[in-house]
Amino acid sequence: MALKHHLDDKVRFDQQVDNSSSYLVPFLEKTKKITSGTRVLEVGTGEGGVLLPFIQKGCSCVGVDLSALRIDIANDFLKDEVAANKVKFICQNIYEDSFFSQYGGYFDIIILKDVIEHVPEQEKFVPYLKKLLRADGQIFFGFPPWYMPFGGHQQVCRKKWLSVLPYYHVLPRFLYKAILKMGGEDDVVIGELMEIKDTRITIERFERIVKRSGLKVLYKHHYLINPIYKYKFGLNPRLQWKPITWLPYLRDFLTTCVYYTVG
Ligand SMILES: C[S@@+](CC[C@H](N)C(=O)[O-])C[C@H]1O[C@@H](n2cnc3c(N)ncnc32)[C@H](O)[C@@H]1O
């Protein structure tokens, strides 16, 4: 059962804006001053709403996404800001030489919100992001750990029972796929869910990748209730109970979202 925000671009845009100004900006400000002229890149920008609060603070923003459709929507929703050169939206793979030659060592802040779990070979990707940063730059990551009840993103399923059934995404691939097929799920959705299974990321693997990339965790929040559940399910965001956050592996099953700033 796709939720309203999966179907309506404007709803998704407004939620991105609110989530960014209420949670993401205050979180980043714990470790980094965000001022006029701060250079911000959002990878996987979608409709671009996450960047609006940064634009309003005078930051110079770039949003990049592989989806041409979503970049068109971002350009439309933020057409005044684009015309005023406050933000630029690009449909491009950031690995391309032309992106690196323009933006290598350029950004103060890089944002990946609900994106890293979609990216293959994160072990190569995170060190590459580091190369796009200025010397004192920082990267924000927000993502749902793979083992959380809906870490497979199965909420996007069109069949209601498949979208509300927790944890079955952790089954072996063939069983997971068989359940989705038996449930009558669309082949396109099954393909997307298999991709997420391939690129899955846990808290432990994420922290290892950060460390091996020569980056340090500067600040983190583990959430029992993801801030975006406010829009999806009307639930108030809630941080995870501290002792749970100290229990590797177990915490992944009980934590619906994590925020990290690294640098
Ligand atoms: C779940 S959406 C998140 C959008 C937005 N950041 C938000 O928080 O609402 C994930 C986005 O990441 C984009 N994406 C996935 N892999 C990417 C990659 N390697 N480079 C750029 N964008 C990517 C997808 O096209 C999609 O728009």
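FYI, it's all coordinate maths here, none of it is from the lab. Quick caveat, the model's predicted, so the values are computed rather than measured. Every residue, glycine among them, receives a Cβ derived from its backbone with ideal geometry; neighbour counts consider all protein chains shown.
Rank the residues Phe253, Phe89 as a footprinting-exposure proxy: fewest other Cβ atoms within 10 Å of their Cβ go first.
Listing Phe253, Phe89 from fewest to most nearby Cβ atoms yields Phe253, Phe89.
Helix-only mean residue ellipticity at 222 nm, the chain, DSSP H runs n ≥ 4 weighted -39,500 (n - 2.57), per residue, nearest 500. What is it?
So the helix-based figure for the chain works out to -10500 deg cm²/dmol.
Once you keep just the Cα pairs under 8 angstrom separated by 6 or more residues, what percentage relative contact order results for the stretch 154-198?
Relative contact order comes out at 38 percent.
If you place +1 on the Cβ of every Lys and Arg, -1 on the Cβ of every Asp and Glu, and leave all else neutral, what size is the dipole of the chain about its Cα centre, to the nearest 20 Debye?
Dipole of the chain, to the nearest 20 debye: 920 debye.
Contact order normalised by length for the stretch 99-199, with contacts defined as Cα pairs under 8 Å and 6 or more residues apart; what percent is it?
27
Could you tell me how far the Cα centroid of the stretch 5-76 sits from the Cα centroid of the stretch 115-147, in Å?
16
Among bridges DSSP assigns within the chain, what percent are antiparallel (round to 5)?
Restricted to the chain, the bridges split so that about 40 percent are antiparallel.
Extending each Cα 7 Å along its Cβ direction at His118 and Lys232, get the distance between those two points in nm, one decimal.
It works out to 1.4 nm between the two label points.
For Arg173 and Tyr249, compute 0.36 nm times the residue count separating them, minus their Cα-Cα distance, and round to one decimal in nm.
Extra length from Arg173 to Tyr249 when fully extended: 25.3 nm.
Evaluate the relative contact order of the chain (contact order divided by residue number), counting alpha-carbon pairs under 8 angstrom at least 6 apart; express in whole percent.
Relative contact order here is 18 percent.
Please work out how much length the chain gains when fully extended from Met194 to Arg208, using 0.36 nm per residue of separation minus the C-alpha to C-alpha distance, in nm with one decimal.
2.7 nm
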